[in-house]
Every structure is written in structure tokens, then in C-alpha cells.
Amino acid sequence: MDKTTKTKNMIMTGMFAAVLAVLSQISIPMPSGVPVTLQTFAVALTGFVLGWKMGGMAAVIYVLLGAVGVPVFSGFSGGLGILFGKTGGFIYGFIFMAALCGLGADKKNRVLTAVLSLAGLLICHFFGALQFALLMNMSLLESALLVSVPYLIKDVISVVLAYVVGEVLKKSLRAANVLTYAEKA
């Protein structure tokens with residue numbers, strides 16, 4: 001990989017970490033403390049456009065920025081307290097979700113893409129519900145019914161829309177010779 005390609009890939013990874021941060025701010029607070037946001041859409045879009053390596057890395061950068069206190073999480077929050085708080089499991093679950101959506105996007109088989117993307121979403125929800133359950137001293141089932149199940153329909157729709165938008169965006173970025181990563185199935 002030449003220097004120009006490496007530079008483009010670094011820039012795209014950073015830009016999508018910024019997209020995650022911006023779309024995280026579009027949120028509706030909920031009584032459970034887990035807001036409705038566009039994070040799921042942003043995470044899936046990141047994976048679909050950048051592929052599993054760069055998409056996963058963009059999510060890692062997003063999480064690390066938030067961990068050190070940059071206000072990139074929902075409600076302009078940041079810091080380790082958020083990662084170890086009620087929504088933290090979802091946040092670090094984004095890394096797996098972005099990587100699996102990206103892995104699926106690199107495949108020609110749409111069924112495999114759907115399965116991998118759904119697996120990423122479910123892993124994200126599992127980590128989120130598990131951490132919430134541990135912090136709130138409730139069962140995993142109670143937690144899932146409170147902070148996961150009500151969000152699943154919105155999140156599945158978000159992933160599907162991210163796939164559609166991602167396909168259009170990838171074509172445009174490739175035509176402009178901006179997206180040059182070599183991850184192909």
C-alpha cells in the first residue's frame with residue numbers, strides 16, 4: 001500500500017469516527033437512561049463503507065476519544081464514567097458491530113451480509129443489556145426487556161438504511177478515488 005492510500009485510509013477512518021460523534025448527539029432521552037440515538041445507524045454505516053478493519057478502527061477511535069473525556073458520546077458526554085455506566089456496554093459493543101457490518105459488506109452474498117450485521121447488532125445489544133443488568137442489579141432478561149428489546153426494531157431499520165446509504169456512498173467515494181481500501185471478498 002502506497003503512502004497516498006495509507007493517508008486516504010487514515011483520513012477516512014478519522015472522518016467516520018467524527019460521523020459517529022456527530023450522529024451520537026442526535027438523541028432522545030428515555031426513562032431507563034439509555035437514549036434513542038442515531039449511533040446504531042452511524043456505526044453500521046461506518047462498517048459498511050470502510051470495511052471491517054477501518055470500520056472497527058473508527059469505532060475504536062470514537063470509544064477512545066470518549067474514554068479520555070472528549071464529549072463524543074450521547075448528550076455531549078465523555079469520560080470513563082460513561083463507559084463504566086449504564087450505556088457503556090452499548091458503546092464498546094459498537095466496535096464489534098462496526099467490524100461485523102464491515103465484514104458483511106465485504107462479501108458479495110447479501111444473506112451473509114445480513115447475518116453478520118445482525119450478529120454485530122445483537123452482540124452490541126448483549127453487551128449493553130449485560131452491563132446495564134450488572135449496574136442496576138437486575139437479571140439479564142429484565143435488562144434486555146428494558147434497554148434492548150424496545151430498541152431492536154429501530155436498530156434493525158437503522159442497519160438496513162445504513163447498508164443502502166453505505167452502498168451509494170461507497171460508489172461515490174470510489175468514483176472520486178477517495179475510498180481506496182483493498183478489503184474485497
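The values are calculated or read from the model by the stated rules, or taken from the named source; none is laboratory data. It should be emphasised that the depicted structure is a prediction, and the values quoted were computed from it without experimental measurement. Glycine gets a Cβ as well: all are built from the backbone with ideal geometry, and neighbour counts include every protein chain shown. These accessible areas exclude ligands, DNA and RNA; they are computed on the full protein's heavy atoms, side chains included. Shrake-Rupley method; radii C 1.70, N 1.55, O 1.52, S 1.80 Å.
In plain terms, the C-alpha convex hull of the range 93-182 casts an average shadow of 6.4 nm² when viewed from every direction. Seen from all directions on average, the range 119-166 presents a Cα convex hull projection of 3.3 nm². The orientation-averaged shadow of the Cα convex hull for the range 1-102, equal to a quarter of the hull surface, comes to 5.9 nm². For Val36, nonlocal amide neighbours, meaning residues 5 or more places apart or on other chains whose placed amide H falls under 5 Å from its own, are Ile28, Met30.
In the chain, the longest principal axis of the Cα atoms and the axis of helix 149-175 are about 10 degrees apart. Just to confirm the number: angle between the C-alpha axis of helix 3-24 and the first principal axis of the chain, 0 to 90 degrees, nearest 10? So the helix axis and the longest Cα principal axis differ by about 30 degrees. Here the chain exposes an accessible surface that is 75 percent carbon and sulfur, computed with a 1.4 Å probe and the other protein chains kept in place. Positive end of the dipole of the chain (Cβ unit charges, origin at the Cα centre): among Leu173, Ile61, Asn137, the Cα lying farthest that way belongs to Leu173. Under conditions of 20 °C and 1.002 mPa s, the chain yields 131 µm² s⁻¹ as its translational diffusion coefficient, taking Rh as the Kirkwood radius over Cα pairs in the Stokes-Einstein equation.
Each Lys and Arg Cβ is given +1 and each Asp and Glu Cβ -1; about its Cα centre, the chain then shows a dipole of about 600 debye. The long axis of helix 110-136 is offset from the longest Cα principal axis of the chain by roughly 30 degrees.
When you restrict to C-alpha pairs under 8 Å that are six or more residues apart and normalise by the size of the range 55-185, the relative contact order lands at 20 percent. For the chain, lysine pairs separated by 8 or more sequence positions, or belonging to different chains, with Cα-Cα distances below 17 Å total 16. Calculated mean residue ellipticity at 222 nm for the chain: -25000 deg cm²/dmol, from DSSP H runs with n ≥ 4 weighted as -39500 (n - 2.57), summed, divided by the residue count and rounded to 500.
A 1.4 Å probe run over the protein chains yields, for the range 41-185, 48 Å² of accessible area per residue, whole-number rounding. Placing Glu167, Glu142 in order of accessible area, with the largest value first and a 1.4 Å probe, yields Glu142, Glu167.
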